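K.L.:
One structure, pasted below without further comment.
The values are calculated or read from the model by the stated rules, or taken from the named source; none is laboratory data. The shown structure was predicted, so the numbers you read here are calculated from the model rather than taken from an experiment. Here the Cβ positions follow ideal geometry from the backbone for every residue, glycine too, while neighbour counts run over all protein chains shown.
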Amino acid sequence: MTRITDIGPPHYEKFLHPLIKRNYGHWLYHETLAPGVLCHVAESGERIYTVRAGSPRLLSVSTIRRFADLADQYSGGYLRFTSRHNIEFLLDNPANIEPLKRALNEAGFPVGGTNNSISNVVHTQGWIHCHSAATDASGIVKALMDRLHPHFTREDLPAKLRVAVACCVNMCGAVHCSDIAILGIHRKPPQIRHDTLRKACEIPTLIASCPTGAIRPAVVDGKRTVDVIEEQCMYCSNCFTVCAAMQMNDPENDGLSIWVGGKVSNARSEPKFSKLAIPFLPNNPPRWPEVVSAVANIVDVYARHARRFERLGEWTERVGWPRFFELTGIPFTRYHIDDFRYAGLSYARSTHMRLRP
Amino acid sequence: MPEDQPKPTPLLDELETGPWPSFVTEIKRAAENNPASADLLGLLERSYQDRKGHWKHGGIVGVRGYGSGVIGRYNDIPDEFPNVAQFHTLRVNHPSGWFYTSDALRTLADIWERHGSGLTNLHGATGDIILLGARTDQLEATFQDLTAAGFDLGGSGSAMRTPSCCVGQARCEWACFDTMKFCNNLTQAYQDEMHRPPFPYKFKVKASGCPNDCVAAIARADLSIIGIWKDDIRQDDAAVAEYAAAGLDIARDVCARCPGQCMEWTGAHLTIDNRDCKRCMHCINVMPKALRPGVERGAAILIGAKAPIVQGALLSSVLVPFVPEAEIEATVRELLARIWEFWDEYGKNRERIGELIQRVGMAAFLDGIGLEPRPEMVAFPRDNPFVFFQKEDTK
Ligand code: HEM
Ligand code: HEM
Ligand code: HEM
Ligand code: HEM
Ligand code: SF4
Ligand code: SF4
Ligand code: SF4
Ligand code: SF4
């Protein structure tokens, strides 16, 4: 048999619902029938119904088969996934909506995630698979969504609220532009195992791996090894990627930071980066209570104070950051003031201030 | 036999309670007939106890003839967890728009049950189907089964990464171009660049059909293609009146939120001064039955987004303000050729294109790829007085 290569993915047309194929590019409008249930109406008058449910992203083959069975039973075998790890069933028969919702709820997959809700949490690998991880991702998402899931199944927030978790500064996923981002951080340079380094690693490769040039050759106890210029290290783990003798993981000093007010969409205001809200919280598995309550507090304050259709970052821009810190009770510290390149652009350069007596 | 008993996992068991679907339950389901997943559970419990990860990078792994698509992973206590001593991930290129049939999903599930852990991510953050955890000796066999079923690997490392796109015209009335066709064509055109890493670093292309940007192209793609329209928003006055009658406060929730300050609601009639519309989508999002993007459609092309490593995070910025729908694919391919040539010549190892542009300046980059400067490219003209004039502009 000849070996097949470079065929690329299967063509999507093979997987499109016939109703979608017929109306491709000819949609007129859509309505939200209930949280998690959309109805798209085509120019032809035909309607496709979408039922969206949350998934943990990490799925076993048996659950995948269960989704396939549900699709066969209710949506003619047609389904898709969203960029936020939700699963969507595409139905041409509205009579199947309620039975499918019941079946999904019974199987433990909540229906929702549309419009002004908290949709699924974009997240990364964490301790499940990645060597850079300062924390786990799936566990934090699970603990957080156990608390916040009413905002997934109901559209009860002023606007969309997008949450993401990344387990290190590499930020696989657009964590840096989320309404609320949870970011795993290392806080200390690698601990160097001088005794094993020479055997385990190639020193020139190791030196070259550091993006900031913080690693220098050194001799310790007569052995060739390296040292790290501590002020230059940004805790990125690249050195650990190439050399297991550069230990990054540190249970006491690794932890989480919380960032708020970013957005991706161009609706109303321009896309923006998330800004630092809480510089450090401890790594506390299995349920990360400090992180969960910090995030829940921010969501509550936002929900109470923002105007309709105002994303979290739009609200903070309107009322000002001092008010954000006041209302959430989060202390403002030296770490909130940028000291990287062009930091000055983030300093307040006017006397516009909302002072309170 | 005692060694067949699953090791207790009290910390992870805690995460099987509560209303949100549990990844721990998923791992346990896979572990029922898969020793690798059983060991993954044990290793993860250890991470929860120790509060640190137990994975490391390792030697080269992959499939024959490809330099990407597989992420090598080894654990640092293999004696205790031998079934995940090697636990490599395959990135499998998803179909554009993440559409499947039940049979396609079953095919993937069967292949992965045969060769790997039985655990997946649907999907990874770049869009790929992630097959999580295989031994080195299973990689080639998995690959061959995948290609026989019509699937192929995605990109990793310093390669063109798997392009992804929003649902677009398959199910969204706002899509200003056919994102799925574009994404699929692009993926097919650059198989070599995806599978045999040729670049200084990774390169990502993402396509969203409108400025809502559901795949976050502006935040995560080196080249972001975002649908936009040129002419007037299409307006259905009867449907506007319906929204008002249904209780929508059009003055407060639509007009006052318009960043173009170009909408007026008299209480009976909505007018939009389309010359000042910023194409932000807000009014359309709020009244999808009444308002639609115009008919002169196309896309904006933006360049340079990246996560914070190494020089700080960047959002993509405007490179080409508007390309008509019919010319998007050809324009993008021409641009890619020029951009990659410039990157190849001037980029340092592990320097993303956005960082290179920061280093040499947008003006030099435009010269390099042969594009004219346009006012749409900047938020405002420079405000620092240190202008370095080109030799040919002085006497
Ligand atoms: C330049 C900074 C980055 C570095 C050094 C980096 C590094 C890595 C590493 C080492 C992995 C392997 C994780 C594992 O499976 O064990 C990984 C996974 C991944 N990365 Fe990144 N990454 C970076 C930025 C990004 C960004 C910005 C994105 C997305 C826009 C991204 C998307 C992914 C995806 C999709 C995966 C697969 C695992 C997942 O879905 O979580 N990466 N990355
Ligand atoms: C021995 C051969 C190597 C193989 C097969 C290999 C393979 C990989 C793969 C597949 C990833 C995942 C990258 C991603 O998709 O984001 C990765 C990540 C990474 N590797 Fe390696 N690697 C090797 C050696 C190296 C070396 C020599 C360096 C540094 C000099 C290095 C530095 C990194 C870094 C920093 C990442 C993070 C992600 C990224 O750059 O995209 N690796 N490696
Ligand atoms: C206010 C801003 C936004 C509005 C009004 C909006 C509106 C919508 C609407 C109406 C849909 C349904 C489209 C369809 O499938 O027919 C949708 C889908 C979606 N949106 Fe947004 N969106 C916004 C921002 C975002 C952002 C910032 C993200 C992610 C970072 C996002 C991620 C998604 C995802 C993942 C889907 C499902 C997309 C798909 O089917 O591929 N949205 N959005
Ligand atoms: C493009 C850059 C700039 C140029 C070429 C420029 C040039 C000048 C000149 C020629 C004067 C008159 C000096 C004199 O009276 O002898 C002046 C005055 C002044 N400039 Fe600038 N300037 C620049 C930027 C700025 C900026 C950015 C600021 C402050 C944010 C600034 C603040 C002032 C002030 C406060 C005065 C004194 C005005 C007064 O006495 O009424 N200038 N500038
Ligand atoms: S964010 Fe960091 S730790 Fe998490 S998967 Fe990506 S590279 Fe690994
Ligand atoms: S963690 Fe990153 S910055 Fe620090 S020494 Fe290692 S490679 Fe360099
Ligand atoms: S990006 Fe725009 S066109 Fe694409 S799915 Fe989202 S709202 Fe629709
Ligand atoms: S799309 Fe945005 S800028 Fe244009 S009229 Fe509507 S709200 Fe205003």
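K.L.:
Please work out if A:Pro35 is away from chain B (no Cβ under 11 Å) and crowded, with 16+ Cβ neighbours inside 10 Å.
P.N.:
yes
K.L.:
Could you tell me which residue of the stretch B:103-115 is farthest from A:Asn120 (Cα to Cα), considering only residues that are within 9 Å of chain A (Cβ to nearest Cβ) and crowded, with 21+ Cβ neighbours inside 10 Å?
P.N.:
Here the answer is B:Trp112.
K.L.:
A further question follows. If you take the residues of the stretch A:168-210 that are more than 30 Å from A:Trp315 (Cβ to Cβ), aliphatic (A, V, I, L, M) and out of contact with any Ser or Thr (no Cβ under 9 Å at 6 or more places or on another chain), which of them is nearest to the other protein chains (Cβ to nearest Cβ)?
P.N.:
If we take residues in the stretch A:168-210 being more than 30 Å from A:Trp315 (Cβ to Cβ), aliphatic (A, V, I, L, M) and out of contact with any Ser or Thr (no Cβ under 9 Å at 6 or more places or on another chain), then A:Ala208 is nearest to the other protein chains (Cβ to nearest Cβ).
K.L.:
Oh, and also: Can you go through B:Ala268, B:Ala307, B:Ala251 and tell me which one is within 16 Å of ligand 3 (Cβ to nearest atom) and not acidic (Asp, Glu)?
P.N.:
The match here is B:Ala307.
K.L.:
What are the pairs with Cβ atoms under 6 angstrom where one residue, in the stretch B:330-351, is among the basic types (Lys, Arg) and the other, located anywhere, is assigned to a helix (DSSP H, G or I)? Sequence gap at least six, or different chains.
P.N.:
Sorted first by the residue in the stretch B:330-351, then by its partner, the pairs are B:Arg338/B:Ile369.
K.L.:
Within the bounds of the stretch B:79-87, is there any residue that is more than 27 Å from B:Pro198 (Cβ to Cβ), hydrophobic (A, V, I, L, M, F, W, C) and at the interface with chain A (Cβ under 8 Å from one of its Cβ atoms)? Before the answer, list the steps.
P.N.:
Our first condition is that a residue be more than 27 Å from B:Pro198 (Cβ to Cβ); within the stretch B:79-87, this holds for B:79-87.
Imposing the further condition that a residue be hydrophobic (A, V, I, L, M, F, W, C) reduces the set to B:81, B:84-85, B:87.
Checking which are at the interface with chain A (Cβ under 8 Å from one of its Cβ atoms) leaves us with B:87.
Scanning the stretch B:79-87 turns up at least one residue that is more than 27 Å from B:Pro198 (Cβ to Cβ), hydrophobic (A, V, I, L, M, F, W, C) and at the interface with chain A (Cβ under 8 Å from one of its Cβ atoms).
K.L.:
May I ask you to say which residue of A:Asn283, A:Asn253 is farther than 23 Å from A:Ser117 by Cα and surrounded by fewer than 20 Cβ atoms within 10 Å (Cβ to Cβ)? Walk me through how you get there before you give the answer.
P.N.:
Details: A:Asn283 fails: surrounded by fewer than 20 Cβ atoms within 10 Å (Cβ to Cβ).
Selected residue: A:Asn253, the only one of A:Asn283, A:Asn253 that is farther than 23 Å from A:Ser117 by Cα and surrounded by fewer than 20 Cβ atoms within 10 Å (Cβ to Cβ).
K.L.:
Now a separate question. Among the residues that make up the stretch B:200-208, is at least one of them more than 16 Å from ligand 5 (Cβ to nearest atom), of a type outside the set (A, V, I, L, M, F, W, C) and at pLDDT 95 or above?
P.N.:
Filtering the stretch B:200-208 down to residues more than 16 Å from ligand 5 (Cβ to nearest atom) leaves B:200, B:203, B:205-208.
With of a type outside the set (A, V, I, L, M, F, W, C) added as a condition, the list becomes B:200, B:206, B:208.
This time we only want the ones that are at pLDDT 95 or above, so: B:206, B:208.
Yes, the stretch B:200-208 has at least one match.
K.L.:
Follow-up. What are the residues in the stretch A:10-31 that are of a type outside the set (A, V, I, L, M, F, W, C) and more than 15 Å from A:Arg80 (Cα to Cα), if any?
P.N.:
If we filter the stretch A:10-31 for residues that are of a type outside the set (A, V, I, L, M, F, W, C), which is where we start, we get A:10-14, A:17-18, A:21-26, A:29-31.
Selection gives A:Arg22, A:Asn23, A:Tyr24, A:Gly25, A:His26, A:Tyr29, A:His30, A:Glu31.
K.L.:
Among the residues that make up the stretch A:209-223, is at least one of them in contact with a His (Cβ under 8 Å, 6 or more places away or on another chain), in a strand (DSSP E or B) and surrounded by fewer than 20 Cβ atoms within 10 Å (Cβ to Cβ)?
P.N.:
Yes, the stretch A:209-223 contains a residue that is in contact with a His (Cβ under 8 Å, 6 or more places away or on another chain), in a strand (DSSP E or B) and surrounded by fewer than 20 Cβ atoms within 10 Å (Cβ to Cβ).
K.L.:
In this structure, is A:Arg354 within 14 Å of chain B (Cβ to nearest Cβ), over 23 Å from the mean Cα position of the chain (by Cα) and closer than 30 Å to B:Asp249 by Cα?
P.N.:
For A:Arg354, the condition - within 14 Å of chain B (Cβ to nearest Cβ), over 23 Å from the mean Cα position of the chain (by Cα) and closer than 30 Å to B:Asp249 by Cα - is not met.
K.L.:
Among the residues of the stretch B:272-295, what is the count of those that are closer than 17 Å to B:Val323 by Cα, more than 16 Å from ligand 3 (Cβ to nearest atom) and out of contact with any strand residue (DSSP E or B) (no Cβ under 6 Å at 6 or more places or on another chain)? Quick ask: steps written out before the conclusion?
P.N.:
In the first step, residues of the stretch B:272-295 are kept if they are closer than 17 Å to B:Val323 by Cα; the result is B:278-279, B:293-295.
Filter once more, so that each one left must be more than 16 Å from ligand 3 (Cβ to nearest atom): B:294-295.
Filter once more, so that each one left must be out of contact with any strand residue (DSSP E or B) (no Cβ under 6 Å at 6 or more places or on another chain): B:295.
Residues flagged as closer than 17 Å to B:Val323 by Cα, more than 16 Å from ligand 3 (Cβ to nearest atom) and out of contact with any strand residue (DSSP E or B) (no Cβ under 6 Å at 6 or more places or on another chain) within the stretch B:272-295 amount to 1.
K.L.:
State all residues of the stretch B:118-153 that are among the acidic types (Asp, Glu), in contact (Cβ under 8 Å) with a residue 60 or more places away in the chain and crowded, with 22+ Cβ neighbours inside 10 Å; if no residue qualifies, say none.
P.N.:
B:Asp152
K.L.:
Please specify each residue of the stretch A:300-324 satisfying the condition of being more than 22 Å from A:Pro271 (Cβ to Cβ) and within 23 Å of the chain's Cα centre (by Cα).
P.N.:
Those that are more than 22 Å from A:Pro271 (Cβ to Cβ) and within 23 Å of the chain's Cα centre (by Cα): A:Asp300, A:Val301, A:Ala303.
K.L.:
Just to check your reading of the model, which residue among B:Phe99, B:Phe87 is aromatic (Phe, Trp, Tyr), touching a Gly at 6+ places or on another chain (Cβ under 9 Å) and modelled with pLDDT of 95 or more? Give the steps one after another, and end with the answer.
P.N.:
Numbers: B:Phe99 fails: touching a Gly at 6+ places or on another chain (Cβ under 9 Å).
Of the residues listed, the single one that is aromatic (Phe, Trp, Tyr), touching a Gly at 6+ places or on another chain (Cβ under 9 Å) and modelled with pLDDT of 95 or more is B:Phe87.
K.L.:
Can you tell me which residues in the stretch B:355-395 are among the small types (Gly, Ala, Ser) and either more than 13 Å from every other protein chain (Cβ to nearest Cβ) or within 16 Å of ligand 3 (Cβ to nearest atom) (or both)?
P.N.:
Result: B:Gly361, B:Ala363, B:Ala364, B:Gly368, B:Gly370.
K.L.:
Please pick out the residue among A:Ala103, A:Ala42, A:Ala68, A:Ala95 that is touching a Gly at 6+ places or on another chain (Cβ under 9 Å), surrounded by fewer than 24 Cβ atoms within 10 Å (Cβ to Cβ) and of a type outside the set (Lys, Arg). Steps first, answer last, please.
P.N.:
Numbers: A:Ala103 fails: touching a Gly at 6+ places or on another chain (Cβ under 9 Å); A:Ala42 fails: touching a Gly at 6+ places or on another chain (Cβ under 9 Å); A:Ala95 fails: touching a Gly at 6+ places or on another chain (Cβ under 9 Å).
From the options A:Ala103, A:Ala42, A:Ala68, A:Ala95, the qualifying one is A:Ala68.
Residue-wise test of (1) part of a helix (DSSP H, G or I); (2) surrounded by 14 or more Cβ atoms within 10 Å (Cβ to Cβ); (3) within 16 Å of ligand 2 (Cβ to nearest atom); (4) at negative phi.
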{"site": "B:Ile226", "(1), (2), (3), (4)": "no, yes, no, yes"}
{"site": "B:Asp231", "(1), (2), (3), (4)": "no, no, no, yes"}
{"site": "B:Arg252", "(1), (2), (3), (4)": "yes, no, no, yes"}
{"site": "B:Gly267", "(1), (2), (3), (4)": "no, no, no, no"}
{"site": "B:Arg275", "(1), (2), (3), (4)": "yes, no, no, yes"}
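K.L.:
Taking the criterion of being crowded, with 18+ Cβ neighbours inside 10 Å, more than 16 Å from ligand 7 (Cβ to nearest atom) and outside any loop (DSSP other than H, G, I, E, B), would at least one residue in the stretch B:54-61 satisfy it?
P.N.:
Yes, there is a match, as at least one residue in the stretch B:54-61 is crowded, with 18+ Cβ neighbours inside 10 Å, more than 16 Å from ligand 7 (Cβ to nearest atom) and outside any loop (DSSP other than H, G, I, E, B).
K.L.:
Hey, any hits in the stretch B:1-13 for a residue that's among the basic types (Lys, Arg) and at the interface with chain A (Cβ under 8 Å from one of its Cβ atoms)?
P.N.:
no
K.L.:
Could you list, in sequence order, the residues of the stretch A:8-31 that are closer than 18 Å to B:Tyr100 by Cα, crowded, with 16+ Cβ neighbours inside 10 Å and facing chain B (nearest Cβ under 7 Å)?
P.N.:
Listed by number, the residues that qualify are A:Gly8, A:Pro9, A:Pro10, A:Tyr12, A:Phe15, A:Leu16, A:Ile20, A:Tyr24.
Okay, residues lined up against (1) over 29 Å from B:Tyr201 (Cβ atoms); (2) modelled with pLDDT of 95 or more; (3) of a type in the set (A, V, I, L, M, F, W, C); (4) not assigned by TED's automatic domain parsing to the domain that holds B:Asn33:
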residue: B:Ala109; (1), (2), (3), (4): yes, yes, yes, no
residue: B:Arg114; (1), (2), (3), (4): yes, yes, no, no
residue: B:Thr120; (1), (2), (3), (4): no, yes, no, no
residue: B:Ile129; (1), (2), (3), (4): no, yes, yes, no
residue: B:Leu132; (1), (2), (3), (4): no, yes, yes, no
residue: B:Ala159; (1), (2), (3), (4): no, yes, yes, yes
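K.L.:
Further, regarding this structure: Determine whether the stretch A:253-261 contains at least one residue that is under 18 Å from the mean Cα position of the chain (by Cα), in a loop (DSSP other than H, G, I, E, B) and more than 15 Å from ligand 2 (Cβ to nearest atom).
P.N.:
Yes; the residues of the stretch A:253-261 include at least one that is under 18 Å from the mean Cα position of the chain (by Cα), in a loop (DSSP other than H, G, I, E, B) and more than 15 Å from ligand 2 (Cβ to nearest atom).
K.L.:
Please go through the stretch B:338-363 and give me each residue that is farther than 23 Å from B:Ala219 by Cα and not charged (D, E, K, R), ordered by number.
P.N.:
Listed by number, the list holds a single entry, B:Tyr346.
K.L.:
Please find, within the stretch A:117-152, the residue that is farthest from ligand 5 (Cβ to nearest atom) out of those that are within 8 Å of chain B (Cβ to nearest Cβ) and charged (D, E, K, R).
P.N.:
A:Asp146
K.L.:
Is there any pair with a first residue in the stretch A:196-207 that is free of Cβ contacts under 8 Å to residues at least 24 places away in the same chain and under 11 Å from A:Ala244 (Cα atoms) and a second that is outside any helix (DSSP H, G or I) and away from ligand 3 (no atom under 16 Å from the Cβ) whose Cβ atoms are under 7 Å apart and which are 6 or more apart or on different chains, and what are they?
P.N.:
none
K.L.:
If you don't mind, another one. Hey, among the residues in the stretch A:45-65 that are surrounded by 19 or more Cβ atoms within 10 Å (Cβ to Cβ) and assigned to a loop (DSSP other than H, G, I, E, B), which one's farthest from ligand 1 (Cβ to nearest atom)? Before the answer, list the steps.
P.N.:
Step one: list which residues in the stretch A:45-65 are surrounded by 19 or more Cβ atoms within 10 Å (Cβ to Cβ), which gives A:48-61, A:63-64.
Okay, now just the ones that are also assigned to a loop (DSSP other than H, G, I, E, B), so A:54-57.
Numbers: A:Gly54: 17, A:Ser55: 14, A:Pro56: 13, A:Arg57: 8 Å.
Filtering first and then ranking leaves A:Gly54.
K.L.:
Could you grab me the full set of residues in the stretch A:32-67 that are basic (Lys, Arg) and under 15 Å from A:Thr82 (Cβ atoms)? Give the derivation first.
P.N.:
We begin by selecting, within the stretch A:32-67, every residue basic (Lys, Arg); these are A:47, A:52, A:57, A:65-66.
Hits for the stretch A:32-67 are A:Arg52, A:Arg57.
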